[in-house]
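The numbers here are math on the coordinates, done by the rules we state, and not lab data. All of these numbers come straight from a predicted model, not from anything done at the bench. Quick reminder, even Gly has a Cβ in these numbers, built from the backbone with ideal geometry, and neighbours come from all protein chains shown.
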Amino acid sequence: MKAAFCMAMALLAAAAAAQAAANDPARAVIDEVEKACVERRIYMIGRKKAERLAELVRRAKPEVVVECGTAIGYSGLWIARELKNAGRGRLITIEISPERAKQAEANFRKAGLDKLVTVKVGDARQVVKELKGPIDFLFVDCGSSNYYPILISLERRLASGAVVVADNAGIGAAGMKDYLKHVRSKYNSRTEWFDVNLPWAKRDAMEVSEMRGVATE
Ligand SMILES: C[S@@+](CC[C@H](N)C(=O)[O-])C[C@H]1O[C@@H](n2cnc3c(N)ncnc32)[C@H](O)[C@@H]1O
């Protein structure tokens with residue numbers, strides 16, 4: 001009797017898991033990519049920061065999101081999944097390594113999110129100059145010294161009230177002093193800390209800035 005009950009519970013749990021996977025096909029790909037990044041030591045934001053990033057996207061309800069630093073698509077998967085759930089918005093993500101960009105594209109496809117995502121290959125400092133505004137959400141994660149030139153290039157194409165998130169504001173703060181000085185003096189900006197528990201960092205921060213009064217092209 002007890003064995004039959006346990007079996008029934010296990011079947012119910014398996015059915016619930018299968019239903020959850022069917023409702024959210026990106027979830028399994030996110031887990032898989034996270035594992036691959038840790039094993040292959042491909043830097044990515046990690047789950048804690050990704051959950052917060054997804055929450056910020058959910059609240060902002062952006063039409064256009066730009067990400068600089070795709071790697072193999074981990075953070076992009078979290079962003080694109082929110083766009084899909086919201087039923088609006090698209091992601092343009094920029095990666096300098098053609099090989100990584102290719103892997104990211106494959107991951108977006110596997111997660112059923114590829115129609116919402118454009119992967120551009122090149123130096124984000126140059127590629128952002130070609131992008132049209134208004135941009136509602138910007139996520140920078142491509143070498144902290146690149147953040148300031150990227151923001152300056154894009155600033156006039158940010159929508160009023162756009163959200164700009166910069167990764168590594170803890171471990172990379174020294175390399176992004178110019179960026180931090182700019183957003184902290186010009187916009188509503190705060191540093192959010194996370195226990196990330198990644199092989200390469202235990203604690204890090206993201207700088208979350210809300211752009212105010214910025215002219216939109
Ligand atoms: C920390 S990883 C990005 C992780 C990714 N955002 C995630 O969380 O899954 C940084 C990526 O930026 C790329 N990168 C470095 N400099 C770049 C540049 N100037 N333009 C575009 N990508 C760049 C690197 O090749 C690397 O894949």
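In table form, for the structure just shown:
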{"read-out": "Sequence-distant lysines (8 or more away, or on other chains) whose Cα lies within less than 30 Å of residue 177", "value": "48, 49, 61, 120, 129, 132, 186, 202"}
{"read-out": "Which of 101, 91, 14, positive extreme of dipole for the chain (C-beta unit charges)", "value": "14"}
{"read-out": "Aspartates and glutamates whose Cα lies under 12 Å from that of residue 181, excluding same-chain neighbours fewer than 8 positions away", "value": "207"}
{"read-out": "Sequence-separation-based contact order of the chain, relative, with Cα cut under 8 Å and 6+ spacing, percent", "value": "18"}
{"read-out": "Loop-resident sites, segment 165-212, for trypsin sites (Lys or Arg not before Pro), counting at most 16 other Cβ within 10 Å (DSSP)", "value": "212"}
{"read-out": "Å³ per residue enclosed by the Cα convex hull of segment 43-172", "value": "96"}
{"read-out": "Under-5 Å amide H pairs with residue 135, H placed in peptide plane, nonlocal only", "value": "158, 159"}
{"read-out": "All-pairs alpha carbon distance profile, the chain, 5 Å steps from 0, percent", "value": "1, 7, 15, 19, 20, 15, 9, 5, 3, 2, 2, 1, 1, 0"}
{"read-out": "Cleavage-rule hits, trypsin sites (Lys or Arg not before Pro), segment 1-90, DSSP coil, Cβ neighbours within 10 Å at most 12", "value": "41, 88"}
